[in-house]
Amino acid sequence: MAVERAVLARLLPDRPQSRVAVSGDRDPAPRLVDSLPLGETEAAQAFIAIVETGERQIVVPTVLQDGELVRNPGIGHLLRPGFSGNFEVEVFNGGIPGGSVRELDVDQSNDSVIAAESVMVKWQLDAVVSPAPDRLRVLRGREITPQLRAIVTWKSETGEKRTILTAVEYLSQVTDGWTWAVDLVRAHAFGEAVDPIGPFRTLGDMTAKMHSVFAQSGVGLFTEADLA
């Protein structure tokens with residue numbers, strides 16, 4: 001592990017990953033903070049690397065192949081449950097399958113891919129504290145959200161538990177809400193024979209159930225200190 005970390009640290013300053021470069025944070029040079037080895041894929045060593053650049057700590061799914069560090073968000077199928085250093089990996093319902101990996105070219109705060117057309121894998125762009133893991137755990141099996149497949153968290157140098165990855169079942173036959181909701185309202189405005197209320201009532205019912213689960217489990221509750 002020490003050799004692998006040293007190789008990564010030596011390569012990172014000269015080869016910032018795509019998301020690092022896109023952010024414009026080329027200075028100061030990226031620094032390897034931590035890494036989780038996942039094993040080999042296609043004759044390459046796979047890692048989850050935490051790279052610090054400026055004030056950001058960026059999640060980089062990567063493979064080290066022929067001395068080259070290459071971003072690869074398709075390594076999620078190598079995850080194995082358990083603790084390793086500062087990382088914790090949780091796997092549910094078979095985890096993330098191998099096979100095809102399709103990236104989503106949409107505006108979002110995560111780096112999302114579809115694995116084997118069956119699981120949506122969300123890599124955090126920044127390793128930050130997030131309520132997502134706790135909420136996904138308590139919603140598991142409630143038939144409100146897609147089936148949970150994996151969660152990866154990392155304990156930072158300051159002791160904070162930060163989200164690295166979440167993965168859920170991919171619902172291939174549905175339309176994104178930003179699309180269907182706008183289309184529905186537009187159709188109603190133009191006098192088309194549509195039900196403008198029913199889908200939003202269903203959405204409201206699901207939201208109410210979700211918050212009821214959170215309240216019963218204590219997830220998302222604010223303390224007096226939070227409110228202050």
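The values are calculated or read from the model by the stated rules, or taken from the named source; none is laboratory data. Quick caveat: nothing in here was measured; it's all calculated off a predicted structure. As a convention, Cβ positions derive from the backbone with ideal geometry for all residues, glycine included, and neighbour counts pool all protein chains shown.
Going by what's in this entry, would Gly54 be described as in contact with a Pro (Cβ under 9 Å, 6 or more places away or on another chain) and modelled with pLDDT of 90 or more?
no
Are there any pairs, at least 6 apart or on different chains, whose C-beta atoms fall under 9 Å, with the first in the range 27-54 and outside the structural domain of Val89 (by TED's automatic domain parsing) and the second assigned to a strand (DSSP E or B) and buried (at least 19 other Cβ atoms within 10 Å of the Cβ), and if so, which?
none
Just a yes or no: is a residue in the range 162-172 assigned to a strand (DSSP E or B), acidic (Asp, Glu) and either more than 26 Å from the chain's Cα centre (by Cα) or within 29 Å of Gly76 (Cβ to Cβ) (or both)?
yes
Is it the case, given these coordinates, that Thr158 is in the same structural domain as Glu103 (by TED's automatic domain parsing), in contact with a helix residue (DSSP H, G or I) (Cβ under 7 Å, 6 or more places away or on another chain) and either within 24 Å of Leu139 (Cα to Cα) or part of a loop (DSSP other than H, G, I, E, B) (or both)?
Here the answer is no, as Thr158 does not meet what is asked.
Keeping to the range 132-155, report how many residues are outside any helix (DSSP H, G or I) and of a type in the set (Gly, Ala, Ser).
2
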